[in-house]
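K.L.:
Just dropping this structure here.
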Amino acid sequence: MARGKLITFEGGEGSGKSTQASHLVAHLGGQGIEAVLTREPGGVPFAERLRELILARRPSSPNTEFLLFAAARCEHIADLIEPVLALGQWVVCDRYIDSTRVYQGRLAGIDDELISMVEQKTVAPVFPDLTFILDVNPRIGLERARARGELSRYDAASDAAHRTVRQGFLDLAAGEPKRCVVLDGGETEIELAGQIAAVVDRRFLGRF
Ligand code: TYD
């Protein structure tokens, strides 16, 4: 049986990742492909507990935060992502390795070499087959998140931090243009869902 695909969604706060991830799962279902929707940090009970811990209060050391995100990901891969892909189903994940590279790497200053080493030892070979980076002006993203009453502690970060995150994702996409597709998160929900479905159909389902 063919292994499933792992598709991830990345971007700043309020970029519409979660909404688009569910649209994609529904679209895949319509094409006869079973896909599991999940998120990071979290996705499985142990990792969801780590999520509560990490998001409730920032640890004193950026290393602690980095290692907790990495630990949550290990559980997620072991208990959900890998077994689902092995069954031939697809996984659509709201945030994954690129969030670590940007938030812990760019923003919190964790060394790229350390991030890459931990990825190689704990994530590989479960890298995404495709990553959508939803790029949105942080001002619009924060307004959306505020309107939903969903401001996490990261949202309270400075404008400079939000710009760093945005640029960080764009730089990652430029470095891996085959895996990463950047889309305008300022588009309407329906328009964006159509663009995402078209990319997936073209890339994996041979539909043009
Ligand atoms: P969440 O409320 O899920 O934010 P969003 O709705 O924007 O996805 O909180 C997740 C936060 O965790 C988000 O601000 C980014 C951060 N994060 C990291 O810093 N590193 C990571 O590896 C992951 C997966 C998330």
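The values are calculated or read from the model by the stated rules, or taken from the named source; none is laboratory data. Computed from a prediction, not measured in an experiment: that's the story for all the values here. Ideal geometry is used to build each Cβ from the backbone, glycine not excepted, and the neighbour counts take in all protein chains shown. Only protein heavy atoms, including side chains, enter the accessible area calculation; ligands, DNA and RNA are left aside. Shrake-Rupley method; radii C 1.70, N 1.55, O 1.52, S 1.80 Å.
K.L.:
I'd like to know if the stretch 52-66 contains one or more residues that are assigned to a helix (DSSP H, G or I) and touching a Ser or Thr at 6+ places or on another chain (Cβ under 8 Å). Explain how you work it out, then say what you get.
P.N.:
As a first pass, look at the stretch 52-66 and keep what is assigned to a helix (DSSP H, G or I): 52-56, 62-66.
Now restrict to residues that are touching a Ser or Thr at 6+ places or on another chain (Cβ under 8 Å): 55, 66.
Yes: one or more hits.
K.L.:
Mind checking which residues of the stretch 27-57 are hydrophobic (A, V, I, L, M, F, W, C) and touching a strand residue (DSSP E or B) at 6+ places or on another chain (Cβ under 9 Å)? Don't jump to the end; show me each part of the working.
P.N.:
Restricting attention to the stretch 27-57, the residues satisfying the condition of being hydrophobic (A, V, I, L, M, F, W, C) are 28, 33, 35-37, 44, 46-47, 50, 53-56.
Matches in the stretch 27-57: L28, I33, A35, V36, L37, V44.
K.L.:
Give me the residue from the stretch 155-180 that is farther than 14 Å from E10 by Cβ and not hydrophobic (A, V, I, L, M, F, W, C) and, out of that set, most open to solvent (accessible area, probe 1.4 Å).
P.N.:
K178
K.L.:
Within the stretch 104-111, identify whether any single residue is among the polar types (S, T, N, Q), touching a Pro at 6+ places or on another chain (Cβ under 7 Å) and open to solvent by less than 50 Å² (accessible area, probe 1.4 Å), and answer yes or no.
P.N.:
Initially, the stretch 104-111 is screened for residues among the polar types (S, T, N, Q), giving 104.
Subset that is touching a Pro at 6+ places or on another chain (Cβ under 7 Å): 104.
Restricting the remaining residues to those that are open to solvent by less than 50 Å² (accessible area, probe 1.4 Å) gives 104.
Looking for residues that are among the polar types (S, T, N, Q), touching a Pro at 6+ places or on another chain (Cβ under 7 Å) and open to solvent by less than 50 Å² (accessible area, probe 1.4 Å), one finds at least one in the stretch 104-111, hence yes.
K.L.:
Among the candidates Q89, Q120, single out the residue that is in contact with an Asp or Glu (Cβ under 6 Å, 6 or more places away or on another chain) and more than 15 Å from the ligand (Cβ to nearest atom).
P.N.:
Working: Q120 fails: in contact with an Asp or Glu (Cβ under 6 Å, 6 or more places away or on another chain).
Exactly one of Q89, Q120 is in contact with an Asp or Glu (Cβ under 6 Å, 6 or more places away or on another chain) and more than 15 Å from the ligand (Cβ to nearest atom), namely Q89.
K.L.:
Hey, which of the helices (runs of 4 or more DSSP H) in the stretch 75-173, taking only ones fully inside, have at least 1 residues that are touching a helix residue (DSSP H, G or I) at 6+ places or on another chain (Cβ under 6 Å)? Write out each step before concluding.
P.N.:
Numbers: elements: 82-86, 112-122, 138-147.
Output list reads 112-122, 138-147.
Matching residues to (1) under 21 Å from S22 (Cβ atoms); (2) buried (at least 20 other Cβ atoms within 10 Å of the Cβ):
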residue	(1), (2)
A47	yes, yes
L55	yes, no
T64	no, no
A71	no, no
A78	no, no
W90	yes, yes
D94	yes, yes
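K.L.:
Any idea which of I196, I190 is part of a helix (DSSP H, G or I), closer than 21 Å to L28 by Cβ and open to solvent by 60 Å² or more (accessible area, probe 1.4 Å)?
P.N.:
Working: I196 fails: open to solvent by 60 Å² or more (accessible area, probe 1.4 Å).
Of the residues listed, the single one that is part of a helix (DSSP H, G or I), closer than 21 Å to L28 by Cβ and open to solvent by 60 Å² or more (accessible area, probe 1.4 Å) is I190.
K.L.:
While we're looking at this one, here's another question. Report the residue count in the stretch 41-86 for those that are within 10 Å of the ligand (Cβ to nearest atom) and under 16 Å from E119 (Cα atoms).
P.N.:
Counting residues in the stretch 41-86 that are within 10 Å of the ligand (Cβ to nearest atom) and under 16 Å from E119 (Cα atoms) gives 9.
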